[in-house]
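Student: I have a structure I would like to understand better, so I am pasting it below and will then ask my questions one at a time.
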Amino acid sequence: MILSSKGMLSKFRISKKVMAIVAIALPLLVPAQTIVSPDKNLSLHFELKANGVPSYELLYKGKPVIKPSTLGIEIKDAASLLDGFVISETTQSTVDINWDPVMGEEKTIRNNYNELAVTLAQPKNGNRYIRIRFRLFNDGLGFRYEFPKQKNLNYFIIKEEHTEFQLAGDHKIFWIPGDYDTNEYPYTTSKISEIPGLMKKATVNISAQQPIPNPSVQTPSMMKADSGLYINIHEAALINYPAMSLDVDAANLKMISHLTPDAVGNKGYMQTDAQSPWRTIVVSDKATAILASKMILNLNEPTKYKDISWIKPMKYIGVWWEYFVAGKSTWAYGTETNVKLGQDFSKLTPNGKHGATNEHVKSYIDFAAKNGFDAVLVEGWNVGWEDWIGNWKEEVFDFVTAYPDFDVKMLHEYAASKGVKIIMHHETSGVATNYERRLDRAFQFMKDNGYNAVKSGYVGSIIPRGEHHDGQWMVNHYIHVAERAADYQIMVNSHEAVRPTGLNRTYPNWIAQESARGTEFEAMGGLNPEHTTILPFTRLMGGPMDFTPGIFQTDLSYYKTGGKQRVNTTLTKQLAYYVTMYSPLQMAADLPENYDRFVDAFQFIKDVAVDWDHTYVLEAEPGDYITIARKAKGKNEWFVGSITDENARTANVSCSYLPKGKKYEATIYADAKDASWNENPQRYVIRKEVVTSKTVLKQYVAPGGGFAISIKEVSSLK
């Protein structure tokens with residue numbers, strides 16, 4: 001088919017799966033391009049507005065999700081990629097494949113989308129061109145900027161990305177303030193229009209924070225429209241690019257991308273061929289579908305690792321929680337506050353409270369072996385903790401020198417004799433330069449001594465000085481660590497790192513992250529009862545979280561240190577977290593002696609799986625409640641977790657996912673009738689019931705509470 005426009009020709013190539021539009025030499029008035037999702041519920045419209053400005057619109061069941069919103073990249077010291085575009089080519093295609101993650105919430109994931117790729121040229125700049133690629137799934141939209149290698153675009157510096165999200169209403173939003181260095185804020189729930197007035201109150205004091213001056217929120221950003229539509233904005237495949245926050249234009253109900261700058265204020269250094277991360281919008285009229293979405297994972301590349309056999313899920317305990325509560329022990333060995341690498345640490349004056357001692361760690365190893373745990377995390381084993389934070393110095397830790405009371409070889413051999421691993425801890429104190437210099441020696445040391453996993457930390461301001469936790473330099477650093485760790489067959493659990501964007505598909509040894517306000521804050525001001533009903537809709541959209549659940553002693557005044565802090569949950573809500581807070585790396589975070597006090601409840605933590613064949617999101621409402629069931633990988637065992645906010649409720653637990661024609665025994669760990677997060681949090685009941693695929697359990701959940709269920713096959717029905 002040949003069309004003419006002002007004497008110029010344009011050719012349309014149409015096939016069953018691909019349609020291309022090619023403009024020759026001069027701009028053609030090309031109509032808006034539209035694609036729909038495979039189930040036809042979502043539609044994406046792209047067009048050039050006046051002055052050649054790219055614009056997109058997203059509809060769900062015919063109603064606007066994102067109203068017409070502009071796209072573009074502002075370049076430093078050069079003509080920007082914002083306007084003056086003509087469409088030089090469009091292509092459409094369809095993908096429908098299945099793939100198996102190394103570990104995860106599903107054994108097999110379907111990747112099904114319709115794609116529109118639009119190539120945009122700038123005649124005023126020598127026909128310099130970019131490509132915007134849209135992928136429309138049944139559960140949402142992903143799009144990114146691509147910068148092909150070309151004569152007129154080699155190197156450039158991003159001044160700012162101008163991606164707009166023009167919202168269709170004043171939605172309810174669950175948000176934390178935009179910040180270049182921390183994700184550890186508590187969540188605020190408000191209308192979008194209320195964000196500027198609440199920003200000061202929401203920006204609580206946190207170590208190494210750098211709040212964005214203008215009203216901004218971090219992603220994943222979870223919203224609910226008055227119509228009942230759920231909308232989640234985030235990003236996928238964050239590689240060689242700064243993390244994105246969202247500036248909030250509250251008056252116009254608009255969000256605009258805001259990239260994390262570097263030390264001199266630049267946002268990103270690009271060399272073609274290159275691309276941005278995917279900007280993601282997950283959409284549904286069911287909250288359960290938001291939690292079930294695998295779109296962000298699907299937008300990441302498959303792993304290039306040839307051997308993945310060494311990457312395993314783990315359940316662990318650790319010398320950790322005792323550092324936060326009771327003043328029972330410390331990371332540091334000595335009483336000094338001014339130490340340097342290279343000095344004789346055996347001459348330090350012992351403080352008498354060092355936690356990582358041979359005998360203490362052996363007791364944790366014994367507990368792990370007795371109760372079937374895979375590993376023991378030990379923090380505070382290595383020299384340097386005496387003045388590790390707040391001094392912003394270059395060399396704090398060397399990651400290979402142990403304190404005098406920690407025998408690396410002996411403890412490894414002792415643990416190995418009992419079938420237990422020890423998880424290494426690398427606190428970098430934010431000094432990424434020092435860590436990179438010592439990385440290979442540290443990983444070789446781990447391999448030589450039988451460590452196959454490391455928990456890394458980035459507490460404090462970053463060195464190189466002026467860089468940020470969420471900037472391009474540090475984004476590349478985290479990936480570099482994961483890649484180098486893979487060379488030594490080591491798994492990585494990073495804390496205080498940039499929020500995840502599905503890269504656990506590409507780098508499956510990057511097994512988990514913290515990157516949010518986790519359990520440790522229960523000892524530092526507490527978490528609101530609703531906090532963990534929000535996290536799966538926000539932080540966990542990007543990947544698994546090392547939330548460190550399992551705290552049974554919820555009233556911390558128990559330790560008689562004068563503090564009145566409490567963990568704001570019931571005991572059985574802590575059990576539910578092992579199902580509702582997905583991670584292939586799960587910690588039983590409390591002290592072993594507390595588990596010995598509640599042996600019957602501890603049984604659930606011992607039994608619960610950490611890798612899954614299938615996940616069933618039974619009921620959910622962000623900020624209110626979540627109930628999830630999961631089938632253990634390769635076993636006929638199912639586990640259910642349900643949590644609520646500060647309000648009591650009755651959950652409806654369908655067992656329809658169970659195979660028909662069989663009966664099962666359900667062991668239910670539930671709040672007692674008089675339990676609540678602030679009164680009687682340790683009051684619980686355990687009962688057993690026979691269930692089938694037709695069973696619907698109605699279970700009471702106390703204020704700030706939860707319940708957990710383990711289900712095992714009994715026999716075939718007669």
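Student: Considering each residue of region 416-425, count those that are more than 17 Å from Tyr333 (Cβ to Cβ) and in a strand (DSSP E or B), and give that number.
Tutor: We begin by selecting, within region 416-425, every residue more than 17 Å from Tyr333 (Cβ to Cβ); these are 416-424.
So of that shortlist, the ones also in a strand (DSSP E or B) come out as 421-424.
Total satisfying the criteria: 4.
Student: Filter region 320-334 down to the residues that are open to solvent by less than 20 Å² (accessible area, probe 1.4 Å), closer than 28 Å to Ser557 by Cβ and in contact with a Leu (Cβ under 8 Å, 6 or more places away or on another chain) and list them by number.
Tutor: Across region 320-334, the qualifying residues are Trp320, Trp321, Glu322, Val325.
Student: Test Lys107 against the stated conditions and say whether it is out of contact with any strand residue (DSSP E or B) (no Cβ under 8 Å at 6 or more places or on another chain) and at pLDDT 95 or above.
Tutor: Details: out of contact with any strand residue (DSSP E or B) (no Cβ under 8 Å at 6 or more places or on another chain): no; at pLDDT 95 or above: yes.
Answer is no for this residue.
Student: Quick one: in region 685-717, which of the residues that are of a type in the set (Gly, Ala, Ser) and open to solvent by 10 Å² or more (accessible area, probe 1.4 Å) is farthest from Ala576 (Cα to Cα)?
Tutor: Let us first name the residues in region 685-717 that are of a type in the set (Gly, Ala, Ser), namely 693, 702, 704-706, 708, 710, 715-716.
This time we only want the ones that are open to solvent by 10 Å² or more (accessible area, probe 1.4 Å), so: 693, 715-716.
Values: Ser693: 21, Ser715: 26, Ser716: 28 Å.
Residue satisfying both the conditions and the ranking: Ser716.
Student: May I ask you to list pairs of residues, at least six apart or on different chains, whose Cβ atoms are under 6 Å apart, with the first in region 387-407 being within 16 Å of Ser456 (Cα to Cα) and the second being assigned to a loop (DSSP other than H, G, I, E, B) and polar (S, T, N, Q)?
Tutor: Once the first residue is within 16 Å of Ser456 (Cα to Cα) and sits in region 387-407, its partners that are assigned to a loop (DSSP other than H, G, I, E, B) and polar (S, T, N, Q) give Trp388/Ser429; Val396/Ser429.
Student: Quick check on my filter: what residues within region 396-415 are open to solvent by 50 Å² or more (accessible area, probe 1.4 Å) and either at pLDDT below 95 or assigned to a helix (DSSP H, G or I) (or both)?
Tutor: Lys409, Met410, His412, Glu413, Tyr414
Student: Which residue is nearest to Trp320 (Cα to Cα), if the candidates are limited to region 361-384 and must be part of a helix (DSSP H, G or I) and open to solvent by 50 Å² or more (accessible area, probe 1.4 Å)?
Tutor: Of region 361-384, the ones part of a helix (DSSP H, G or I) are 361-371.
Subset that is open to solvent by 50 Å² or more (accessible area, probe 1.4 Å): 363, 366, 370.
On the way: Ser363: 14, Asp366: 16, Lys370: 19 Å.
The residue in question is Ser363.
Student: I'd like the full set of residues that are farther than 23 Å from Trp510 by Cα and in a loop (DSSP other than H, G, I, E, B), limited to region 217-235.
Tutor: Correct list: Ala225, Asp226, Ser227, Gly228, Leu229.
Student: I'm trying to understand the selection: among the residues of region 193-215, which are out of contact with any helix residue (DSSP H, G or I) (no Cβ under 8 Å at 6 or more places or on another chain) and in a loop (DSSP other than H, G, I, E, B)? Spell out how you get there, then give the answer.
Tutor: Restricting attention to region 193-215, the residues satisfying the condition of being out of contact with any helix residue (DSSP H, G or I) (no Cβ under 8 Å at 6 or more places or on another chain) are 193-214.
Matches in region 193-215: Thr203, Val204, Asn205, Ile206, Ser207, Ala208, Gln209, Gln210, Ile212, Pro213, Asn214.
Student: Only one of these conditions is not met by Ala576: (1) small (Gly, Ala, Ser); (2) out of contact with any Pro (no Cβ under 9 Å at 6 or more places or on another chain); (3) part of a helix (DSSP H, G or I). Which number is it?
Tutor: Of everything listed in (1) small (Gly, Ala, Ser); (2) out of contact with any Pro (no Cβ under 9 Å at 6 or more places or on another chain); (3) part of a helix (DSSP H, G or I), Ala576 misses just condition (2).
Student: Also, quick follow-up: If I filter region 332-343 for residues that are closer than 30 Å to Asp487 by Cβ and free of Cβ contacts under 8 Å to residues at least 40 places away in the same chain, do I get at least one hit?
Tutor: Yes, region 332-343 contains a residue that is closer than 30 Å to Asp487 by Cβ and free of Cβ contacts under 8 Å to residues at least 40 places away in the same chain.
Student: Would you pick out the residues in region 604-644 that are surrounded by fewer than 17 Cβ atoms within 10 Å (Cβ to Cβ) and among the basic types (Lys, Arg)?
Tutor: Residues satisfying the conditions are Lys606, Lys635.
Student: Kindly list, by first and then second residue, each pair from a residue in region 691-707 that is farther than 20 Å from Leu571 by Cα and in a loop (DSSP other than H, G, I, E, B) to a residue that is among the polar types (S, T, N, Q) and open to solvent by 20 Å² or more (accessible area, probe 1.4 Å), limited to pairs with Cβ atoms under 7 Å and residues at least 6 apart or on different chains.
Tutor: Sorted first by the residue in region 691-707, then by its partner, the pairs are Ser693/Ser656.
Student: Can you name the condition, by its number, that Asn449 falls short on among (1) over 22 Å from Tyr305 (Cα atoms); (2) touching a strand residue (DSSP E or B) at 6+ places or on another chain (Cβ under 9 Å); (3) buried (at least 22 other Cβ atoms within 10 Å of the Cβ)?
Tutor: So Asn449 meets the others, but not (3).
Student: I'd like to verify a number: residues in region 236-279 that are within 23 Å of the chain's Cα centre (by Cα) and either aliphatic (A, V, I, L, M) or outside any loop (DSSP other than H, G, I, E, B) (or both), how many?
Tutor: Residues that pass the stated criteria total 19.
Student: Let me ask something else. Could you list, in sequence order, all residues of region 584-603 that are over 21 Å from Glu322 (Cα atoms) and either of a type in the set (Val, Ile, Thr) or crowded, with 24+ Cβ neighbours inside 10 Å (or both)? Don't jump to the end; show me each part of the working.
Tutor: Within region 584-603, the first condition is being over 21 Å from Glu322 (Cα atoms), and the residues that meet it are 584, 600, 603.
Correct list: Pro584 only.
Here is a yes/no grid of residues against (1) open to solvent by 40 Å² or more (accessible area, probe 1.4 Å); (2) at pLDDT 95 or above; (3) not in a loop (DSSP other than H, G, I, E, B):
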{"site": "Ile290", "(1), (2), (3)": "no, yes, yes"}
{"site": "Glu301", "(1), (2), (3)": "yes, yes, no"}
{"site": "Tyr305", "(1), (2), (3)": "yes, yes, no"}
{"site": "Ile308", "(1), (2), (3)": "yes, yes, no"}
{"site": "Gly318", "(1), (2), (3)": "no, yes, yes"}
{"site": "Glu336", "(1), (2), (3)": "yes, yes, no"}
{"site": "Val339", "(1), (2), (3)": "no, yes, no"}
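Student: While we're here: If you take the residues in region 559-573 that are assigned to a helix (DSSP H, G or I) and at pLDDT 90 or above, which one is nearest to Phe324 (Cα to Cα)? Write out each step before concluding.
Tutor: Step one: of region 559-573, the residues assigned to a helix (DSSP H, G or I) are 559, 571-573.
Restricting the remaining residues to those that are at pLDDT 90 or above gives 571-573.
On the way: Leu571: 19, Thr572: 22, Lys573: 20 Å.
Filtering region 559-573 for residues that are assigned to a helix (DSSP H, G or I) and at pLDDT 90 or above, the one nearest to Phe324 (Cα to Cα) comes out as Leu571.
Student: Something else: Any residue at all in region 562-569 that's closer than 24 Å to Gln513 by Cβ and open to solvent by 10 Å² or more (accessible area, probe 1.4 Å)?
Tutor: Going through region 562-569, the residues closer than 24 Å to Gln513 by Cβ turn out to be 567-569.
Filter once more, so that each one left must be open to solvent by 10 Å² or more (accessible area, probe 1.4 Å): 568.
Yes, the conditions are met somewhere in region 562-569.
Student: I'd like the full set of residues that are open to solvent by 40 Å² or more (accessible area, probe 1.4 Å), within 22 Å of Ser515 (Cα to Cα) and of a type in the set (Ser, Thr, Tyr), limited to region 187-202.
Tutor: Step one: list which residues in region 187-202 are open to solvent by 40 Å² or more (accessible area, probe 1.4 Å), which gives 189, 191, 193-194, 196-198, 200-201.
Applying the additional criterion that residues be within 22 Å of Ser515 (Cα to Cα) yields 189, 200-201.
If the condition is that a residue be open to solvent by 40 Å² or more (accessible area, probe 1.4 Å), within 22 Å of Ser515 (Cα to Cα) and of a type in the set (Ser, Thr, Tyr), then Thr189 is the only one that fits.
Student: Related question: If the requirement is being aliphatic (A, V, I, L, M) and either farther than 22 Å from Asn509 by Cβ or in contact with a Cys (Cβ under 8 Å, 6 or more places away or on another chain) (or both), which of these qualifies: Met410, Met424, Met446? Full working, then the answer.
Tutor: Values: Met424 fails: either farther than 22 Å from Asn509 by Cβ or in contact with a Cys (Cβ under 8 Å, 6 or more places away or on another chain) (or both); Met446 fails: either farther than 22 Å from Asn509 by Cβ or in contact with a Cys (Cβ under 8 Å, 6 or more places away or on another chain) (or both).
That would be Met410, the only listed residue that is aliphatic (A, V, I, L, M) and either farther than 22 Å from Asn509 by Cβ or in contact with a Cys (Cβ under 8 Å, 6 or more places away or on another chain) (or both).
The values are calculated or read from the model by the stated rules, or taken from the named source; none is laboratory data. Fair warning: this is a prediction, and the values are worked out from it, not measured in the lab. Cβ atoms come from the backbone with ideal geometry, glycine included; neighbour counts cover every protein chain shown. For the accessible areas, the whole protein counts, side chains as well, though only heavy atoms, and no ligand, DNA or RNA atoms are used. Shrake-Rupley method; radii C 1.70, N 1.55, O 1.52, S 1.80 Å.
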